[in-house]
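Note sheet for the following structure.
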Amino acid sequence: MLALIKYMLIDLHRSNRYFMPTVFYGLVVLWMYSVRPNPVLESYSVTAALAFGCALWFGFMAEGAEARVQRELTMLHAGGWRRYAWGRMLVLGIWGAAFSLWGTLVPVAAGAFVRNPSAAELILALYSHLVSFLLGAFISWLLAVLGGNPRSRLVMAMVLLALALAAGGMESALPDWAGWLTWLLPPAYRLMHVLVKYPSMSSGAAAFWFLYPAAYAGLLLLPVLKYLPLQGSR
């Protein structure tokens, strides 16, 4: 597995497809914290949402790094599509961890907050950035395995990004009987909301709202794993 992960990371690095979304995220975080001081959890909610959007972009770009024949060979040498899928998930986790560390620790190191974050706030920030990244990356992966040309996948990703971030306003605008529809959308907004409201939430409510996006991201993997063997032959 380590050899597979190393190969995937090297292949991604050689393609340079990781560069733009990764550098964009890093520069926007630096620019955002160039103005000081900033509130702690509210700022983390913004950079977590940014991680979600950049992960959609990253996933879309990274998907094109491996040609169909190369992907088939990778699955073959990996020992099957299941090991390939685990390797892919771990690579996304590594990249997501890098995004999470950058978005969480840069403002602390720069002294950009009005106060020092508590240990609990740092843990929640690291978790929220990682989950936001994986949520966006898994959506891009799902769109890729479902097929379609790159342009249609890009349009769908942009629509989902807009809807996910606007879910709070949509929920308020929809009639009561239709409010449940927003639960079908990627919960990027809900993760932003719980970060902002965390100090006033009960522990049970906070645990639910923090775990819900992770569960949603996990559910996205079910159709990914169902259709991934078919992608190897497309």
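Descriptive notes on the structure:
- Checking Met156 against (1) more than 21 Å from Leu225 (Cα to Cα); (2) open to solvent by 50 Å² or more (accessible area, probe 1.4 Å); (3) of a type in the set (A, V, I, L, M), the condition it does not meet: (1)
- Odd one out for Gly168, checked against (1) within 17 Å of the chain's Cα centre (by Cα); (2) open to solvent by less than 30 Å² (accessible area, probe 1.4 Å): (1)
- Residues located in the range 1-54, provided they are assigned to a helix (DSSP H, G or I) and among the polar types (S, T, N, Q): Ser15, Thr22, Ser43, Ser45, Thr47
- Across the range 30-58, the number of residues qualifying as among the hydrophobic types (A, V, I, L, M, F, W, C) and more than 16 Å from the chain's Cα centre (by Cα) comes to 6.
- Every pair of residues 6+ apart whose Cβ atoms lie under 7 Å, when the first sits in the range 160-173 and is closer than 21 Å to Leu220 by Cβ and among the hydroxyl-bearing types (Ser, Thr, Tyr) while the second is exposed (fewer than 13 other Cβ atoms within 10 Å of the Cβ) and modelled with pLDDT of 85 or more: none
- Among the candidates Tyr212, Tyr198, residue that is open to solvent by 50 Å² or more (accessible area, probe 1.4 Å) and within 24 Å of Pro39 (Cβ to Cβ): Tyr198
- Residue selected from the range 118-133 under the condition over 15 Å from the mean Cα position of the chain (by Cα) and not hydrophobic (A, V, I, L, M, F, W, C), by the criterion farthest from Gly93 (Cα to Cα): Ser118
- Among the residues of the range 106-125, the ones that are over 17 Å from Ala188 (Cβ atoms), touching a residue at least 12 places away in the same chain (Cβ under 8 Å), of a type in the set (A, V, I, L, M, F, W, C) and assigned to a helix (DSSP H, G or I) come to 4 in all.
- Only one of the numbered conditions (1) on the phi > 0 side of the Ramachandran plot; (2) under 14 Å from the mean Cα position of the chain (by Cα) is violated by Asn16, and that is (2).
- Tally of residues being surrounded by 13 or more Cβ atoms within 10 Å (Cβ to Cβ) and charged (D, E, K, R) across the range 1-37: 2
The values are calculated or read from the model by the stated rules, or taken from the named source; none is laboratory data. Predicted model, so just to flag it, every value in this text is computed and none were measured. Virtual Cβ from ideal backbone geometry, glycine too; neighbours counted across all protein chains shown. What goes into the accessible areas is simple: the full protein's heavy atoms, side chains included, and nothing from ligands, DNA or RNA. Shrake-Rupley method; radii C 1.70, N 1.55, O 1.52, S 1.80 Å.
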